[in-house]
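J.: If you scroll down you'll find the structure; I have some questions about it.
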Amino acid sequence: MIVCQTCGEHNAPNAEFCGNCGDFLKWTGAQVQASPVRPDAAPQPQPHHRPQQTMRRQAQPGDLICGQCGSGNVPTRKFCGVCGHSLHDAVTQKQPWWKRWLPAKGPKVRERGSRPPQTRRATKVRQGIGTAFRWLLALAVLLFGGLYAFSQPFRGTVNTQVVTAKDAVAGIFTEDLVPVRQSVVSAAQERPDHPAKLAMDNNKATFWAAPDPKTAALTIQFDHVTDLRRMIVHNGDGKKYLGTARPQRLTLVFDTGKTHDIKLTDKPDEQQHDIKNGDGVKQVQVLIAGVYPSSESTDTAISEIELFEKQVK
């Protein structure tokens with residue numbers, strides 16, 4: 001063993017740090033060889049301090065886990081026997097959860113002097129109820145597993161109930177969206193051959209073109225109050241995409257006084273965007289807040305806009 005010259009701690013031969021004071025044993029430790037005791041030798045006085053030997057071992061339930069190297073240490077140690085790190089804030093190794101459900105084997109052993117003078121009847125009743133509950137739960141799980149494995153009707157019923165429950169939970173967090181059709185669509189600016197209504201005619205080959213993007217805006221009205229949730233945009237001229245400018249940013253202004261900004265990418269493909277603040281609206285203005293310029297024309301074009309509302313069940 002190695003005896004620490006600082007505090008007198010007896011450490012295992014393979015320990016690198018003192019388990020009591022944390023000193024590095026390569027500097028402060030002294031090797032001590034155990035020698036046989038002669039029968040006629042006088043008994044040696046025992047030192048006052050006889051701490052437990054430091055042993056290198058795998059973490060066990062109740063051990064102190066070193067936060068520096070992850071090694072397991074007996075609860076009486078103050079410093080890690082592997083790296084010497086302080087165990088003041090060490091975490092105690094917990095027993096696996098499934099072992100805590102198993103009934104205890106054999107009688108419970110208490111340390112001498114720790115047994116209460118009288119065992120209360122209520123404590124025994126609670127212990128008996130807990131043991132019975134664990135056994136009943138284990139039997140119920142085994143019975144359910146057996147029925148599910150060998151009974152086709154029971155398995156089909158369980159699967160149906162699980163799918164129904166899953167759909168019910170999914171319905172809480174997801175919404176069914178349906179297209180909402182405009183009653184009127186107009187624009188402050190539009191080319192005569194590319195009016196505002198072509199932006200919502202469900203035809204991607206046509207487009208709305210505005211000569212001045214700084215004041216360009218679509219006004220969309222609905223015949224009922226709706227909760228807008230999503231917008232699909234097809235940017236630019238579908239036939240000659242780079243022949244016109246394309247919106248870079250859209251600002252939705254609702255008749256409720258709320259707004260929502262949408263940033264578009266410069267591509268002719270479909271772009272889907274969720275809409276916020278669109279509850280309880282009957283009109284929305286789509287303002288062009290920025291454009292991707294074109295070298296061929298100053299007109300700004302949008303091929304198609306589709307709006308979706310929350311389905312009313």
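J.: Under 15 Å Cα-Cα from LYS240, which aspartates and glutamates qualify once same-chain neighbours fewer than 8 residues away are excluded?
T.: ASP266, ASP269, GLU296, ASP299, GLU304
J.: Which far-off residues, 5 or more places away or on another chain, put their amide H under 5 Å from the one on GLY29, with H placed in the peptide plane?
T.: Under 5 Å from the amide H of GLY29 lie the amide H atoms of GLN5, each far enough along the sequence or on another chain.
J.: Which entries in the list LYS267/LYS310; LYS26/LYS78; LYS166/LYS276; LYS282/LYS310 go over 24 Å, if you measure between the two C-alpha atoms of each?
T.: LYS267/LYS310; LYS166/LYS276
J.: May I pose another question? Let me make sure I get this right: for the stretch 179-310, a, b and c are the square roots of the gyration tensor eigenvalues over alpha carbons, sorted descending. Under 1.5 in a/c it's rounded, otherwise prolate if a/b > b/c, else oblate. Which is it?
T.: prolate
J.: What number, in percent, do you get for the relative contact order of the stretch 179-310 if the mean sequence gap of Cα pairs under 8 Å and at least 6 apart is divided by its residue count?
T.: 37
Bear in mind that the values in this text are calculations on the coordinates, not laboratory data. Nothing here was measured: the structure is a model prediction, and the numbers come from that model.
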